[in-house]
1. So, in region 174-196, how many residues would count as being touching a Phe, Trp or Tyr at 6+ places or on another chain (Cβ under 7 Å), of a type outside the set (A, V, I, L, M, F, W, C) and either open to solvent by 50 Å² or more (accessible area, probe 1.4 Å) or assigned to a helix (DSSP H, G or I) (or both)?
2. Go through (1) under 30 Å from Leu240 (Cβ atoms); (2) open to solvent by less than 70 Å² (accessible area, probe 1.4 Å) and name the single condition Gly40 misses.
3. Across region 190-214, what is the total count of residues that are aliphatic (A, V, I, L, M) and over 18 Å from Leu180 (Cβ atoms)?
4. For Leu77, only one of the following conditions fails: (1) surrounded by fewer than 16 Cβ atoms within 10 Å (Cβ to Cβ); (2) touching a strand residue (DSSP E or B) at 6+ places or on another chain (Cβ under 9 Å); (3) assigned to a helix (DSSP H, G or I). What is its number?
5. Could you tell me which of the residues Ala60, Ala99, Ala127 is assigned to a helix (DSSP H, G or I), within 17 Å of Ala27 (Cβ to Cβ) and modelled with pLDDT under 90?
6. What is the one condition in (1) open to solvent by less than 50 Å² (accessible area, probe 1.4 Å); (2) under 19 Å from Ala119 (Cα atoms) that Leu231 does not satisfy?
7. I'd like to know if region 110-131 contains one or more residues that are farther than 24 Å from Ser238 by Cα, open to solvent by 40 Å² or more (accessible area, probe 1.4 Å) and in contact (Cβ under 8 Å) with a residue 40 or more places away in the chain.
Amino acid sequence: MYPELLTIGPLTIHTYGVFYALGILAAITLAEYLHQKNGGKPGTFQDMGFLVVIGILVGARALFILVNLGYFLRNPLDVFKIWNGGLVFYGGLIGGALAFILAARLKHLDLWPLADTVAPALTFGHAIGRIGCFFAGSCYGKPTDMPWAVTFTDPKSLATGVLGVPVHPTQLYESALLILLTVVLLKIRSHVRFPGQVITSYGIMYGIIRFGLEFFRGDPRGSVEILGTTLSTSQAISLLIVPLSLAGYVYLSRRKGLGSRVRGLVSGV
């Protein structure tokens, strides 16, 4: 589509990077709004933002490098060329989560309610970032004859393997589903029953969404053999995240129920 937004002399502004930055900014803005709406201290997420963004970028790039380790061993300087794509969401999620936990601990903040605020902001920002992938031709889909297929023709596109071939617009599929997931998570958050309910719901639902979408992806992104079945790296990670999130959901809901019963017993004594 439009991998390069603007070129001024030697400087090229890549559409991918612009939308990635917009996604991060949108996520921080929405998280800050939700936090303050619930009486939280203004500036909390803005203060945490720098550390979390660094975690996201490092994690996203690190996982991409691991998945394509052979290439980067042959071309070590390409490690730094993030403007050419190569940021894996699950890597960013892991890196950002670790940085988020560290930032919350440093600020002595209650982790689970804070994570519940982050969840819908994360999906909203991710949806915007996927539009950048679409313009860049990254994360492209498999060839298809569906009427809504898209065709990448720009030689600077990252969809080098399918130029001129109609493919599934997997980036737009995911962006639309992420917007829907944002609405669902905001609804859950407005009726939350226990701390951690929103973030664990996110892990369950996004893991399922991502596992399914991977079947439509056509770009090389690593593979894992599980019980004789070849899955993408992201599908393998989804198989870990979904049951872990489900276990977390059950544990946190039962802990909340146990706490309520204990308080009831104490007040009755």
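1. 2
2. (1)
3. 1
4. Only one criterion in (1) surrounded by fewer than 16 Cβ atoms within 10 Å (Cβ to Cβ); (2) touching a strand residue (DSSP E or B) at 6+ places or on another chain (Cβ under 9 Å); (3) assigned to a helix (DSSP H, G or I) is unmet by Leu77, namely (2).
5. Only one candidate qualifies: Ala60.
6. The number of the failed condition is (2).
7. Yes: region 110-131 contains one or more residues that are farther than 24 Å from Ser238 by Cα, open to solvent by 40 Å² or more (accessible area, probe 1.4 Å) and in contact (Cβ under 8 Å) with a residue 40 or more places away in the chain.
The values are calculated or read from the model by the stated rules, or taken from the named source; none is laboratory data. All of these numbers come straight from a predicted model, not from anything done at the bench. Glycine gets a Cβ as well: all are built from the backbone with ideal geometry, and neighbour counts include every protein chain shown. Protein only, heavy atoms only, side chains kept; ligands, DNA and RNA dropped before computing areas. Shrake-Rupley method; radii C 1.70, N 1.55, O 1.52, S 1.80 Å.
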